[in-house]
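Q: One structure, as structure tokens, below. Some questions next.
FYI, it's all coordinate maths here, none of it is from the lab. This structure is a prediction, so every number in the text was calculated from the model and none was measured. For neighbour counting, all protein chains shown are included, and Cβ atoms are generated from backbone atoms with ideal geometry for every residue, glycine included.
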Amino acid sequence: MSERKTTTASRPGGYTTPVGIDRSQQQAADWSTVKLLGDTVRPHSTSEIRHVHPNYSKHKPDTRLYIGDCREILPRLPDQGEVDLVFADPPFNWEVPYDGWEDNMPRNEFERFTFDWLDACINILSPTGAIWVSIPDDTAAEVVVHLKRRGLTMINWCVWHFRFGQCRDASFIMSKVHALYFVKDPTNRIWNPDDILEQSDRATIYNDKRTHEKEKNKGMRVPMDVWYGKYWGRIQGNNKERRQGHHNQNPEVYLERIILACTNEGDIVLDPFAGSGTTSTVAHEHNRCSISVEHSEINAESAWERISKIGMIRKNCSFGQSSAIFNKR
């Protein structure tokens with residue numbers, strides 16, 4: 001069947017999405033029957049501690065940072081069912097020397113750990129909220145299956161693409177991380193496409209007059225699901241955003257795009273693995289409340305300095321630009 005355009009589907013003017021895609025997400029087989037390796041390990045059991053208090057906090061907007069294991073802290077927060085966005089960039093189990101964290105678990109224990117923190121995030125998420133998980137190839141499938149068997153719906157499987165991968169000759173060089181976008185209710189979710197528009201290739205490369213004849217957002221488009229461009233590379237040692245002592249730091253534009261697209265001002269953003277504090281730093285700059293959890297006291301202190309004193313380096317750099325990879329024709 002040839003490609004055809006439609007004005008009646010959910011993406012007016014674009015190629016029609018097969019009806020079966022949306023339907024299969026809602027009427028799939030019982031995902032709860034799917035078993036994974038992590039299911040062989042007993043779920044995490046929380047301790048007897050009843051209340052937790054933030055180690056760092058400030059107001060206007062409400063910003064809190066807790067130190068500890070997110071599996072222990074998240075179930076005790078007073079915000080159950082109220083968080084509008086979860087962004088998680090967890091340990092990958094790649095033997096990275098995080099401060100005080102065992103990053104070389106047996107595979108079944110790592111999967112169980114992953115399911116446990118995902119469950120804690122799902123439970124604290126609001127009915128209209130979204131969860132984004134930043135994860136590499138070797139665990140992406142397990143995360144997708146677990147979120148589906150918990151009843152969430154995938155909106156996008158995005159890819160953050162960076163040019164500066166670590167060299168190797170035994171396989172193709174890794175140059176991406178998966179950004180998995182799930183929601184509790186696909187028909188009732190926060191979505192602000194106009195806040196994240198970028199310049200269209202049709203306008204910047206082909207000078208296609210049709211893109212300037214649209215009723216709104218002339219020459220602009222919602223970003224594609226592969227993310228790259230200026231300021232989108234890995235945060236290396238000479239990058240202005242670089243926080244010394246932190247591993248696998250995400251660029252600010254990555255979080256800015258997600259936060260602007262999936263929250264409104266005053267909403268609550270949660271990061272169960274604060275790291276260098278990118279999520280809360282971006283949330284604070286854009287007048288969102290934030291909750292973050294960090295296992296390491298040293299990393300938490302550094303993250304709080306960034307959140308409360310330094311702020312964003314690349315504010316408003318995730319939108320409005322062109323990500324074209326060819327010169328204008």
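Q: Along the range 164-173, what does the Karplus equation 6.51 cos²θ - 1.76 cosθ + 1.60 (θ = phi - 60°) give for ³J(HN,Hα), rounded to whole Hz, x for Gly and Pro?
A: Here the 3J(HN,Hα) series is 9, x, 6, 5, 7, 10, 8, 7, 5, 6 Hz.
Q: Run the reach check for Lys60 against lysines, Cα to Cα strictly under 22 Å, same-chain hits fewer than 8 apart removed. What comes back?
A: In chain and number order, the partners are Lys309, Lys315.
Q: Something else now. Given R₀ = 35 Å, what would the calculated FRET efficiency be for Trp94 paired with Ile205, taking r from the Cβ atoms and rounding to 0.05?
A: It comes out at approximately 0.40.
Q: Related question: For Met220, list long-range residues whose amide hydrogen, built 1.01 Å from N in the peptide plane, is under 5 Å from its own amide hydrogen.
A: Correct list: Ser200.
Q: Right, something else. Evaluate the distance, in nm, between pseudo-label points positioned 7 Å from the Cα of Lys230 and of Glu297 along their respective Cα→Cβ axes.
A: In this crude spin-label approximation the distance works out to 4.3 nm.
Q: In whole Hz, what ³J(HN,Hα) sequence does the range 51-61 give by Karplus (6.51, -1.76, 1.60; θ = phi - 60°), x for Gly and Pro?
A: 10, 10, 10, x, 7, 9, 7, 7, 10, 6, x
Q: Within 10 Å of each candidate Cβ there may be at most 14 other Cβ atoms; applying that plus a DSSP loop requirement, which trypsin sites (Lys or Arg not before Pro) in the range 212-245 survive?
A: Lys214, Lys216, Lys218, Lys230, Lys240, Arg242
Q: Right, next: What is the set of long-range amide H partners of Ser323 at a cut-off below 5 Å, with H atoms built 1.01 Å from backbone N?
A: Gln199
Q: Work out the FRET efficiency for Glu305 and Ile49 from their Cβ-Cβ distance, taking R0 = 30 Å, and round it to the nearest 0.05.
A: For R0 = 30 Å, the calculated efficiency reads 0.65.
Q: Build a GNM of the chain with springs between Cα atoms under 10 Å: which of Ser171, Ser280, Ser47 gets the top mean-square fluctuation?
A: Comparing Ser171, Ser280, Ser47 in the GNM, the peak value goes to Ser171.
Q: Short version: ³J(HN,Hα) in whole Hz for each residue of the range 204-216, in order, from phi by Karplus 6.51 cos²θ - 1.76 cosθ + 1.60 (θ = phi - 60°), x for Gly and Pro, what are they?
A: With coefficients 6.51, -1.76 and 1.60, one gets 7, 10, 9, 6, 6, 5, 5, 6, 8, 9, 5, 5, 8 Hz.
Q: Right, next: Could you work out how far apart the two model spin labels at Leu197 and Glu265 are, taking each label as a point 7 Å from the Cα in the direction of the beta carbon, and quote it in nm?
A: Reported label-point gap for Leu197 and Glu265 is 2.0 nm.
Q: As a check on your grasp of the helix formula, calculate [θ] at 222 nm for the chain: sum -39500 (n - 2.57) over DSSP H runs of n ≥ 4, divide by the residue count, round to the nearest 500.
A: Theoretical 222 nm ellipticity from helices: -6500 deg cm²/dmol.
Q: Using a 10 angstrom cutoff on alpha carbons, build the Gaussian network for the chain and name the most mobile of Pro91, Pro272, Pro78.
A: Looking only at Pro91, Pro272, Pro78, the biggest GNM fluctuation is shown by Pro78.
Q: Can you tell which of Ala140, Ala274, Ala130 shows the greatest fluctuation in a Gaussian network model of the chain with Cα springs below 10 Å?
A: Ala140
Q: Apply 1/(1 + (r/R0)^6) to the Cβ-Cβ distance of Thr187 and Asn327, taking R0 = 51 Å, and write down the FRET efficiency to the nearest 0.05.
A: Computed FRET efficiency for Thr187 and Asn327: 0.75.
Q: Ok, one more. May I ask which of Lys216/Lys328; Lys176/Lys240; Lys240/Lys328 have a Cα-Cα span longer than 25 Å here?
A: Lys240/Lys328
Q: Of the labelled options [x] 21.3, 72; [y] 32.2, 107; [z] 20.3, 65, which one gives Rg and Dmax of the Cα atoms in Å as computed for this structure?
A: Given [x] 21.3, 72; [y] 32.2, 107; [z] 20.3, 65, the structure-derived one carries the label [z].
Q: Give the long-range amide H neighbours of Ala130: residues separated by 5 or more places, or on another chain, with amide H under 5 Å away, using H modelled in the peptide plane at 1.01 Å from N.
A: Distant-sequence amide H within range of Ala130: Leu85, Val86.
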